[in-house]
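> Structure in structure tokens, see below.
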Amino acid sequence: MPDAIEVRKVPLHNVSDASELAKLIDDGVLEADRVVAVIGKTEGNGGVNDYTRIIADRAFREVIQAKGTRTAEEVKQIPIVWSGGTDGIISPHATIFATVPADKVERTDEPRVSVGFAMSEQILPEDIGRVAMIEKVAAGVKVAMERAGITDVKDVHYVQTKTPLLTIESINDAHSRGKTVWTTDTLKSMELSNGTAGLGIAVALGEIEMPTDADVMTNFDLYSSVASCSSGVELDRAQIVVVGNVRGIGGRYQIGHSVMNDALDADGIWNAIRSAGLDLPERPHWTDLKGRLVNVFLKCEASKDGMVRGRRNAMLDDSDVSWHRQIKATVGGVTAAVTGDPAVFVSIAADHQGPEGGGPVIAIIDRGEPPTGYPQP
């Protein structure tokens, strides 16, 4: 039986700040040696050369090592997934997952959050965008599920991955070995890596059958409704975090999911919160959350037809500001309006993650007393 999980969201006061994590440890809320995953937003450009992810990663790992007993190598194995880019009002933050000692667990047989993690086999540059990567991600998801104690795929509500993208160096490496790559556009490879990982998650959870190479980034009817995939230059394999509900482990947190069907689908966000187990009125308002929402995690995408609800927009034609930044700011604003909290995890490049033009929404709520979610000022 896996351990119960504590989930806390903390702000980042600057790009190298991990002081709120240190405070949680110092206050006895979490134990450094029990931190099993971190998922956060940094304020960089969200692109291939977004160094803020590396800075934040180092800051959090240094705190975990300094305040615990794990070695640097052991701390290096903790999955810490950073999504760069806090466009608009999105606020930099991190959501921390840590196991809870048995003598401090709130006992219940109700479904409660469990977390499992895994690292895939090495993903070679020639694998990205192809079945080889789909298979490696799918295998890793199954390992993470097992470690979370989840036996039914219906109990999986969130799979966060971080996978490698292509760089000039890795492209040259593939070519030197006589291999081809899906694209030589390093920025495009970010969307490609995310989408391929999304298909791997969907295969692992039985949402789709194994696609072909030709389906990748073309058949958008194939997607996972629980995938949130990011990519970066800081690793060479898939870092996989599976979050779901397990009965009997105890704890105070519960998770659910839904999808946004387009960039304005606030109901999709509310449906995810309801799926997590929170009773809400028919027409809810952020004041109905009463501090029980810990965080929401979303993927978004500019619709490929350049339309939202029958109205044309210019995001895909804009040569001044990338659509990446515009859609992230848009969905971030919609989400913050729902939750009353700008510290929301919104990430772009949602190909094969949720329906085209929309994306998955995952919500974690606190069932304990007093609730630990954001108390709006």
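> So which of R325, R311 is open to solvent by 50 Å² or more (accessible area, probe 1.4 Å), touching a residue at least 60 places away in the same chain (Cβ under 8 Å) and over 21 Å from T95 (Cβ atoms)? Write out each step before concluding.
Values: R311 fails: touching a residue at least 60 places away in the same chain (Cβ under 8 Å).
Step by step, each of R325, R311 is checked, and only R325 is open to solvent by 50 Å² or more (accessible area, probe 1.4 Å), touching a residue at least 60 places away in the same chain (Cβ under 8 Å) and over 21 Å from T95 (Cβ atoms).
> Restricting attention to segment 59-107, report how many residues are over 28 Å from P2 (Cα atoms) and charged (D, E, K, R).
So the answer is 1.
> How many residues does segment 234-260 hold that are open to solvent by 10 Å² or more (accessible area, probe 1.4 Å) and under 17 Å from the mean Cα position of the chain (by Cα)?
Residues in segment 234-260 being open to solvent by 10 Å² or more (accessible area, probe 1.4 Å) and under 17 Å from the mean Cα position of the chain (by Cα): 9 in total.
> Here is a list: V113, V141, V81, V137. Which entry is within 27 Å of G277 (Cβ to Cβ), assigned to a helix (DSSP H, G or I), open to solvent by less than 70 Å² (accessible area, probe 1.4 Å) and touching a residue at least 40 places away in the same chain (Cβ under 8 Å)?
V141
> Keeping to segment 261-276, report how many residues are assigned to a helix (DSSP H, G or I), in contact (Cβ under 8 Å) with a residue 24 or more places away in the chain and open to solvent by 10 Å² or more (accessible area, probe 1.4 Å). Full working, then the answer.
Step one: filter segment 261-276 for residues assigned to a helix (DSSP H, G or I), giving 266-275.
Filter again for in contact (Cβ under 8 Å) with a residue 24 or more places away in the chain, leaving 266, 268-273, 275.
Now drop any that are not open to solvent by 10 Å² or more (accessible area, probe 1.4 Å), which leaves 266, 270-271, 275.
So the answer is 4.
> Go through (1) surrounded by fewer than 24 Cβ atoms within 10 Å (Cβ to Cβ); (2) in contact with a strand residue (DSSP E or B) (Cβ under 7 Å, 6 or more places away or on another chain); (3) within 29 Å of N45 (Cα to Cα) for G198 and report which single condition fails.
G198 satisfies all of (1) surrounded by fewer than 24 Cβ atoms within 10 Å (Cβ to Cβ); (2) in contact with a strand residue (DSSP E or B) (Cβ under 7 Å, 6 or more places away or on another chain); (3) within 29 Å of N45 (Cα to Cα) except (1).
> Does segment 344-357 contain at least one residue that is surrounded by fewer than 18 Cβ atoms within 10 Å (Cβ to Cβ) and either modelled with pLDDT under 95 or out of contact with any His (no Cβ under 7 Å at 6 or more places or on another chain) (or both)?
Taking segment 344-357 as the starting set, the residues that turn out to be surrounded by fewer than 18 Cβ atoms within 10 Å (Cβ to Cβ) are 356.
Narrowing the set further to residues that are either modelled with pLDDT under 95 or out of contact with any His (no Cβ under 7 Å at 6 or more places or on another chain) (or both) leaves 356.
Yes: one or more hits.
> Can you say whether G306 is free of Cβ contacts under 8 Å to residues at least 24 places away in the same chain and touching a strand residue (DSSP E or B) at 6+ places or on another chain (Cβ under 7 Å), as far as the supplied structure shows? Steps first, please.
On the way: free of Cβ contacts under 8 Å to residues at least 24 places away in the same chain: yes; touching a strand residue (DSSP E or B) at 6+ places or on another chain (Cβ under 7 Å): yes.
Considered against the rule, which asks whether it is free of Cβ contacts under 8 Å to residues at least 24 places away in the same chain and touching a strand residue (DSSP E or B) at 6+ places or on another chain (Cβ under 7 Å), G306 comes out as yes.
> Restricting attention to segment 48-78, and to residues there that are in contact with a Lys or Arg (Cβ under 8 Å, 6 or more places away or on another chain) and basic (K, R), which single residue is most open to solvent (accessible area, probe 1.4 Å)?
Of everything passing the filter in segment 48-78, K76 is most open to solvent (accessible area, probe 1.4 Å).
> Looking at segment 116-133, which of the residues that are more than 19 Å from G232 (Cβ to Cβ) and over 18 Å from the mean Cα position of the chain (by Cα) is most open to solvent (accessible area, probe 1.4 Å)? Even if it seems obvious, please write down each step before you answer.
The initial filter retains those residues of segment 116-133 that are more than 19 Å from G232 (Cβ to Cβ), namely 116, 130-132.
Still in the running and over 18 Å from the mean Cα position of the chain (by Cα): 130-132.
Details: R130: 55, V131: 33, A132: 38 Å².
So, considering only residues that are more than 19 Å from G232 (Cβ to Cβ) and over 18 Å from the mean Cα position of the chain (by Cα), the one most open to solvent (accessible area, probe 1.4 Å) is R130.
> If I filter segment 358-377 down to residues being open to solvent by less than 30 Å² (accessible area, probe 1.4 Å) and part of a loop (DSSP other than H, G, I, E, B), which single residue comes out as modelled with the highest pLDDT? Reasoning before the result, please.
At the first step, the residues of segment 358-377 found to be open to solvent by less than 30 Å² (accessible area, probe 1.4 Å) are 358-366, 368, 373.
From what is left, the residues that are part of a loop (DSSP other than H, G, I, E, B) are 358, 368, 373.
Working: G358: 97, G368: 94, G373: 92.
Out of the qualifying residues, it is G358.
> Would you mind telling me which numbered condition in (1) more than 21 Å from the chain's Cα centre (by Cα); (2) closer than 28 Å to G250 by Cβ; (3) open to solvent by 20 Å² or more (accessible area, probe 1.4 Å) A22 fails?
Failing condition for A22: (3).
> Just the residues that are among the β-branched types (V, I, T) and either touching a helix residue (DSSP H, G or I) at 6+ places or on another chain (Cβ under 9 Å) or on the phi > 0 side of the Ramachandran plot (or both), please, taken from segment 309-337. Give the derivation first.
Initial filter on segment 309-337 (among the β-branched types (V, I, T)): 321, 327, 330-331, 334-335.
Scanning segment 309-337 gives V321, I327, T330, V334, T335.
> Also, quick follow-up: So which residues in segment 272-291 are under 23 Å from V242 (Cβ atoms) and more than 18 Å from the chain's Cα centre (by Cα), if there are any at all? I'd like the intermediate steps shown before the answer.
Start the filter on segment 272-291 by keeping residues that are under 23 Å from V242 (Cβ atoms), which leaves 272-278.
R274, G277, L278, listed by residue number.
> On the basis of being part of a helix (DSSP H, G or I), in contact (Cβ under 8 Å) with a residue 60 or more places away in the chain and closer than 22 Å to V115 by Cα, does D33 make the cut? Break it down stepwise before answering.
On the way: part of a helix (DSSP H, G or I): yes; in contact (Cβ under 8 Å) with a residue 60 or more places away in the chain: no; closer than 22 Å to V115 by Cα: yes.
Here the answer is no, as D33 does not meet what is asked.
The values are calculated or read from the model by the stated rules, or taken from the named source; none is laboratory data. Values in this document were obtained by computation on a predicted structure and should not be read as measured data. We place every Cβ from the backbone using ideal geometry, glycine too, and count neighbours over all the protein chains shown. Only protein heavy atoms, including side chains, enter the accessible area calculation; ligands, DNA and RNA are left aside. Shrake-Rupley method; radii C 1.70, N 1.55, O 1.52, S 1.80 Å.
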